[in-house]
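Data block below; observations after.
The values are calculated or read from the model by the stated rules, or taken from the named source; none is laboratory data. Everything numeric here is computed off the predicted structure, so don't read it as measured data. In this analysis, Cβ positions are derived from the backbone assuming ideal geometry, glycine residues included, and neighbour counts consider all displayed protein chains. Areas reflect the complete protein model, heavy atoms only, side chains present, ligands, DNA and RNA absent. Shrake-Rupley method; radii C 1.70, N 1.55, O 1.52, S 1.80 Å.
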Amino acid sequence: MNTKWLAINHDFLRIELAQLKDEGRDTADLESEFQAWLVRSPEELEAAQPALNALLDRAAARPFRPEAEGREPSDLASIRSLRSAPVSLPPASGDAKGRADRLLGAWLGRCCGCLLGKPVEGWRRARLHGYLKETGRYPLAGYLRSDFDPALLERYQVKPSAPFINRVDRMVADDDTNYTVLGLVILEERGFEFTPIDVADAWLRRLPLLCACTAERIAYRNFANLVLPPASAAFRNPFREWIGAQIRADIYGYVNPGRPKRAAELAWRDASVSHTGNGIYGAMWVAAMLAAAAVLDDPAEIIRAGLRQVPAASRLTEAVSEVFEWRRQGLDLEAAIGRLHARWDESFSHHWCHVLSNAQAVALGLLWGERDFGRSVCAAVQAVFDTDCNGATVGSILGMMLGAGRLPAEWTGPLHDTLETRLSGFHLLRISELAERTLKLESTV
């Protein structure tokens, strides 16, 4: 049995120690204990799970340093109290045909961006950029392909099962789209007053355990052990500020055009089952951006509208603001990607999958894409880190902003209006039907 993400291992401990420091915990009296375990063998760690769980519990009880106390709360009321001043947005259009086009664009854009990044998920910068250059595709300007010299494919360890565009005829199953569909189902079954408990229940009924990763898998296990939200988010969960909640948030923006506050609240309810602090803020930011993208056509203003729903002094706000500064300085795309990689160590999974590094990649795609769908999703994926997640988020926002009618056929055509999921009861779905179901929900708000 593969115990990855189920048992505590060396990577789990390294991530937890880094996360404690990130959120401002005082770890002085625990660091030596963590380091002592990190030099033990995998077999010793496997036999010492109770002791390691006790270490995690002691770590969770450590106080915050004075400068971090109260800075990044996880409850909704406190989050709202720390936001910057709200700004009014234009009202959503009353034109049902226009709203339908935007929603279909958002669903298609999410699928296109995800499919772009999925075959190279987990690749690091040297590998991806090397592959693009050797295949004459750098800078990236379309779906990735694998119909090249077998020797080149072997050199870059291209798996025969990887969903390159020449190998697929639909949007293949992926967690980035599983959760978008699951969010739609939650809203259909529970309505707009759904609770975090409803989210946990939907996961247990619809989502196979091994289709959940990192923070979601920890939360899933917690649900089964009667550790319920919000405790399920923090209990023995080193991935609590990773990207997982951010990739689940799109649907809450889809159904709240022009209402970023409401979109962020629904995203908070979903995110709080598995994430804390900036992990929650990433979800609120994305949902709010999608609500804003339904009524705005400037990516910079869309990003700012999202940031107004999270604490102004949070690390998420600081990270995204840093990308705005790179843009102000006139960096080209390659230089901006260089700054991103100088800031984060992609070889450390905590940096590779953290919400902050990937939020910067999303902001980079939106700003350097300059309202062009293909340029935007390609910039997000070329930035590397969590390629399918970031491509999906940027594609979703551009799709909502532009509408399906303005998305290029070379991007949407290969999907054949079909989305595959791993959710129980939902295997193959029509993307257009999902958009229609979303429009029905939107009209009930």
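What is the Cα centroid distance between the stretch 325-352 and the stretch 277-300, reported in whole angstrom?
First find each Cα centre; the distance between them is then 21 Å.
How do 414-424, 282-292 rank on mean C-beta neighbours within 10 Å, highest first?
With the highest mean Cβ count within 10 Å placed first, the list reads 282-292, 414-424.
From the cross-link list Lys118/Lys261; Lys21/Lys118; Lys261/Lys440, which pairs have alpha carbons spaced over 24 Å apart?
Beyond 24 Å: Lys118/Lys261; Lys21/Lys118.
When only C-alpha pairs under 8 Å and at least 6 residues apart count, what is the relative contact order of the chain, in percent?
Numbers: 789 pairs, mean separation 114.7, N = 445.
That works out to 26 percent.
Treat every Asp and Glu Cβ in the stretch 10-61 as -1 and every Lys and Arg Cβ as +1, leave all other atoms uncharged, and give the resulting dipole magnitude about the Cα centre to the nearest 20 debye.
The calculation lands at about 40 debye.
Please find, in a Gaussian network model of the chain (springs between Cα atoms separated by less than 10 Å), the residue of Arg269, Arg155, Arg343 whose mean-square fluctuation is greatest.
Arg155
By how many nm would the segment from Leu204 to Glu67 grow when fully extended, if each residue of separation counts as 0.36 nm and the alpha-carbon distance is taken off?
On the way: separation 137, 0.36 × 137 = 49.32 nm, distance 3.85 nm.
Length gained, Leu204 through Glu67: 45.5 nm.
Run lengths n ≥ 4 of DSSP H only: what is the helix-derived mean residue ellipticity at 222 nm for the chain, with -39500 (n - 2.57) per run over all residues, to the nearest 500?
Computed mean residue ellipticity for the chain: -17000 deg cm²/dmol.
For Ser161, what is the net charge nearby, where nearby means another residue's Cβ is under 13 Å from its Cβ and Lys, Arg count +1, Asp, Glu -1?
Values: positive: Lys118, Lys159, Arg167; negative: Glu121.
Neighbourhood net charge equals +2.
Over the heavy atoms of Cys211, what accessible area does a 1.4 Å probe trace out, to the nearest 10 Å²?
Solvent-accessible area, nearest 10 Å²: 30 Å².
Note down the net charge around Asp386, summing +1 for each Lys or Arg and -1 for each Asp or Glu among other residues with Cβ under 11 Å from its Cβ.
Spelling it out: positives minus negatives among the neighbours equals -4.
Would you tell me the accessible area of Tyr138, worked out with a 1.4 angstrom probe on the heavy atoms of the protein chains, in Å² to the nearest 10?
Near enough 60 Å² of accessible area.
With every protein chain in place, what's the accessible area of Trp268 (1.4 Å probe, Å², nearest 10)?
Only protein atoms counted, so the area is about 50 Å².
Just want the answer: with Cβ charges of +1 for Lys and Arg and -1 for Asp and Glu, which residue in Thr177, Leu207, Ala404 is farthest toward the dipole's positive end in the chain?
Ala404
For a quick protection proxy, order the peptides 391-400, 157-166 by their average other-Cβ count within 10 Å, most packed first.
Descending mean neighbour count gives 391-400, 157-166.
Can you give the local net charge around Leu290? Use residues other than it whose beta-carbon is closer than 11 angstrom to its beta-carbon, Lys and Arg +1, Asp and Glu -1.
Residues close to Leu290 contribute a combined charge of +2.
From the residues Tyr131, Ala28, Ala363, which one has its Cα farthest along the dipole of the chain in the positive direction, the dipole being from +1 and -1 charges on Cβ of Lys/Arg and Asp/Glu about the Cα centre?
Working it through, the farthest residue towards the positive pole turns out to be Ala363.
Taking a ≥ b ≥ c as the square roots of the eigenvalues of the Cα gyration tensor of the chain, is the shape rounded (a/c under 1.5), prolate (a/b larger than b/c) or oblate? The partial results should precede the final answer.
Details: a/c = 1.41, a/b = 1.20, b/c = 1.18.
Rounded, because the longest to shortest axis ratio a/c is under 1.5.
Placing +1 on the Cβ of each Lys and Arg and -1 on the Cβ of each Asp and Glu in the chain, which of Ala342, Leu140, Gly191 has its Cα farthest towards the positive end of the resulting dipole?
Value computed over the given set: Gly191.
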